[in-house]
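As structure tokens, the structure follows; a few thoughts come after it.
The values are calculated or read from the model by the stated rules, or taken from the named source; none is laboratory data. Model, not experiment: these values are computed from the prediction. Using ideal geometry, Cβ is built from the backbone for each residue, glycine included, and neighbour counts are taken over all protein chains shown.
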Amino acid sequence: MFSHSKTRLEDFEAAAIPYLADLYRTAKFLARDSSEAEDLVQESYLEAWKSFHRFQPGTNLRAWLFTILFHRIHHFRRRQVKAVRMEHFENAADADNLMAPPIVPEEIRDEDILLALEKLPPEFREVVVLADVQEFSYKETAEALVIPLGTVMSRLSRGRKLLRRELAEVARSYGIGPRDSKTGEGNAR
Amino acid sequence: MNVLNFDSKLCERTRRQLDAYVSNELLVETTAEVVRHLENCGACSSELESRLRLRAGLRRAALREMPPAHLSQSIRQRLRRAQPGLLAGFRGATWVWAVAATLAVIVGGAAGQQALRLHHARQTVADILLLGVADHLDCAVRGHNYPDLARSQDELLRRLPPDCAGLLPVVEEYLPGFQVLEAHVCSVTGSPRKYVHFIARGEGALLSVVLTRRDGMSLPQGRLLAADSVADVYRAHLNNMDVAGFQSRDYFGFVVSGLGQDRVLQIAQSLAPPARVVLDRSPAATNGPREVSKLGEAASAL
């Protein structure tokens with residue numbers, strides 16, 4: 001019985017551990033704290049292992065692990081919600097008014113992109129991370145977050161606009177100046 | 001805020017579809033329409049280029065974020081401790097668990113329990129030794145927190161809390177053929193634990209001597225657990241590193257390197273007795289385990 005269990009655990013590890021980096025960086029971007037991200041990922045793996053007998057072989061293990069991770073993240077966020085609310089955009093709805101946010105200059109650094117991502121409200125950030133970083137389809141994103149497909153589409157669109165607006169601000173602070181989105185021309189740094 | 005005057009309704013429609021286009025979620029027919037428009041519209045293709053660039057930049061930046069080296073091992077250890085897969089197929093039927101547990105006790109008897117205790121004790125040893133490995137990997141290997149040329153002894157002493165100064169000559173003496181490059185107090189990201197860390201180079205490898213407070217933890221005793229039950233030194237191979245560890249009254253000590261298990265054990269065996277003498281001379285050891293030592297005070301001040 002021990003050897004059977006060991007084989008089963010080894011099967012689980014062989015299949016699930018390769019997604020550790022993907023899960024960790026997603027948790028890090030959502031929790032915005034390395035040690036919380038580590039806890040979230042560890043708890044997710046434990047939960048996945050406990051439920052592994054329910055996993056259907058042949059289906060998408062990566063998506064299943066992300067569903068479990070987001071369950072943990074949402075639980076974590078409910079504990080954090082009051083603190084987080086004060087930190088984020090109070091005017092997220094403004095994103096709807098940005099018909100064409102400024103084009104992001106090429107000179108923007110990777111660090112700036114990650115900082116801008118961190119400033120997105122969590123409901124937009126999680127969709128952007130899944131769709132644009134993890135390259136999940138709309139359907140997979142909807143399943144992982146347990147939200148309708150239409151909500152994924154609208155949050156992704158708004159999230160990307162907010163991200164571009166934030167990066168345009170960064171560009172302005174560098175004196176790069178966002179390029180005109182019609183001509184593609186901008187100021188040199 | 002930029003407000004654009006679109007040249008045509010076609011531009012407006014294309015831009016509404018760009019998000020789905022970037023995500024490769026459009027139907028084939030719609031994709032063809034968008035592509036046709038992009039071929040003839042500089043503004044929209046420039047807009048698309050910007051969106052693709054941002055998406056690629058976001059992914060590139062995000063992929064640079066890597067999990068800490070110890071995380072994979074920590075997860076594997078927790079999974080082994082959890083053991084939920086043992087009777088996973090019987091979940092939900094509590095009485096089956098009870099019967100199975102009773103049968104296991106009867107059938108397995110004392111031998112089974114002893115095997116289980118040994119398994120748990122080995123797990124505890126690995127968990128403790130991992131403290132030293134994590135600090136070596138995080139600070140010395142990945143962090144490269146040591147100079148290429150060894151610091152002078154005065155400089156090394158200045159970097160240590162006063163109570164740990166006595167450790168430096170011990171480390172130097174019991175690491176023959178090694179050059180002590182660095183000494184400092186450090187911590188692993190995400191953990192409040194502090195470490196006194198000596199980094200040395202010799203025999204073609206980097207080696208760490210790591211000391212940290214036990215904080216209530218103990219290396220379990222037993223001939224089957226310790227690699228050297230006389231010197232009370234334990235060893236393991238974790239995260240591709242060889243580690244040997246020992247404990248004093250209040251501290252754990254670790255020797256970590258890629259030199260091979262036997263060599264690392266040999267170094268720890270010679271280092272452990274004099275290191276224990278220095279460590280147990282500290283105020284923490286004489287004042288009892290609940291007292292915070294100067295080492296702890298100095299470390300927590302960093």
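So for region A:10-18 (the condition being more than 12 Å from chain B (Cβ to nearest Cβ), without any contact (Cβ under 8 Å) to a residue 24 or more places away in the chain, part of a helix (DSSP H, G or I) and surrounded by fewer than 16 Cβ atoms within 10 Å (Cβ to Cβ)), does at least one residue qualify?
Within region A:10-18, none of the residues are more than 12 Å from chain B (Cβ to nearest Cβ), without any contact (Cβ under 8 Å) to a residue 24 or more places away in the chain, part of a helix (DSSP H, G or I) and surrounded by fewer than 16 Cβ atoms within 10 Å (Cβ to Cβ).
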* Structure fact -> Reported set for region B:229-243 where residues are touching a residue at least 40 places away in the same chain (Cβ under 8 Å), within 23 Å of residue B:185 (Cα to Cα) and in a strand (DSSP E or B) is B:238, B:241, B:243
* Asked: If you take the residues of region A:81-109 that are loosely packed, with under 15 Cβ neighbours inside 10 Å and at pLDDT 50 or above, which of them is nearest to residue B:46 (Cα to Cα)?
  -> A:106
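Kindly establish whether residue A:52 is surrounded by 17 or more Cβ atoms within 10 Å (Cβ to Cβ) and either among the β-branched types (Val, Ile, Thr) or modelled with pLDDT of 85 or more (or both). Spell out how you get there, then give the answer.
Details: surrounded by 17 or more Cβ atoms within 10 Å (Cβ to Cβ): yes; either among the β-branched types (Val, Ile, Thr) or modelled with pLDDT of 85 or more (or both): yes.
So residue A:52 passes the test.
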* What residue, among those in region B:218-243 that are at pLDDT 85 or above and in contact with an Asp or Glu (Cβ under 9 Å, 6 or more places away or on another chain), is farthest from residue B:121 (Cα to Cα)? -> B:242
* State which residue is farthest from the chain's Cα centre (by Cα) when the search covers only region B:1-35 and only residues that are at pLDDT below 85 and within 12 Å of another protein chain (Cβ to nearest Cβ). => B:7
* Residue check: is residue A:166 more than 18 Å from residue A:27 (Cα to Cα), within 12 Å of another protein chain (Cβ to nearest Cβ), surrounded by fewer than 23 Cβ atoms within 10 Å (Cβ to Cβ) and out of contact with any strand residue (DSSP E or B) (no Cβ under 9 Å at 6 or more places or on another chain)? -> yes
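Output yes when any residue across region A:146-160 is over 17 Å from residue B:22 (Cβ atoms), touching a Leu at 6+ places or on another chain (Cβ under 6 Å) and modelled with pLDDT of 80 or more, and no when none is. Walk me through it before giving the result.
Within region A:146-160, the subset over 17 Å from residue B:22 (Cβ atoms) is A:146-148, A:150-151.
If we keep only those that are touching a Leu at 6+ places or on another chain (Cβ under 6 Å) too, we end up with none.
Checking region A:146-160: not a single residue is over 17 Å from residue B:22 (Cβ atoms), touching a Leu at 6+ places or on another chain (Cβ under 6 Å) and modelled with pLDDT of 80 or more.
Being within 11 Å of chain A (Cβ to nearest Cβ), surrounded by fewer than 19 Cβ atoms within 10 Å (Cβ to Cβ) and not polar (S, T, N, Q): is that true of residue B:51 here?
Working: within 11 Å of chain A (Cβ to nearest Cβ): yes; surrounded by fewer than 19 Cβ atoms within 10 Å (Cβ to Cβ): no; not polar (S, T, N, Q): yes.
Judged against the criteria, residue B:51 is not a match.
Before we move on, is residue A:69 in contact (Cβ under 8 Å) with a residue 40 or more places away in the chain and crowded, with 19+ Cβ neighbours inside 10 Å? Break it down into steps so the answer makes sense when it comes.
Values: in contact (Cβ under 8 Å) with a residue 40 or more places away in the chain: yes; crowded, with 19+ Cβ neighbours inside 10 Å: yes.
So residue A:69 fits the description; yes.
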* Condition test on residue B:45, is it outside any loop (DSSP other than H, G, I, E, B), polar (S, T, N, Q) and buried (at least 19 other Cβ atoms within 10 Å of the Cβ)? -> no
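Which ones in region B:121-153 are among the hydroxyl-bearing types (Ser, Thr, Tyr) and in the same structural domain as residue B:235 (by TED's automatic domain parsing)? Write out each step before concluding.
Our first condition is that a residue be among the hydroxyl-bearing types (Ser, Thr, Tyr); within region B:121-153, this holds for B:124, B:146, B:152.
Passing the criteria: B:146, B:152.
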* To do: Return the total of residues in region B:158-201 being surrounded by fewer than 16 Cβ atoms within 10 Å (Cβ to Cβ) and either outside any loop (DSSP other than H, G, I, E, B) or of a type in the set (A, V, I, L, M) (or both).
  => 6
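For region A:42-59, which residues satisfy the criterion of being closer than 25 Å to residue A:31 by Cβ and either at the interface with chain B (Cβ under 7 Å from one of its Cβ atoms) or in contact with a Ser or Thr (Cβ under 9 Å, 6 or more places away or on another chain) (or both)? Lay out the reasoning, then the answer.
Of all residues in region A:42-59, those closer than 25 Å to residue A:31 by Cβ come to A:42-52, A:55.
The answer is A:42, A:45, A:46, A:49, A:50, A:52.
Can you pull out every residue in region B:69-85 that is in a loop (DSSP other than H, G, I, E, B) and either assigned by TED's automatic domain parsing to the domain that holds residue B:22 or modelled with pLDDT under 90 (or both)?
Hits for region B:69-85 are B:69, B:83.
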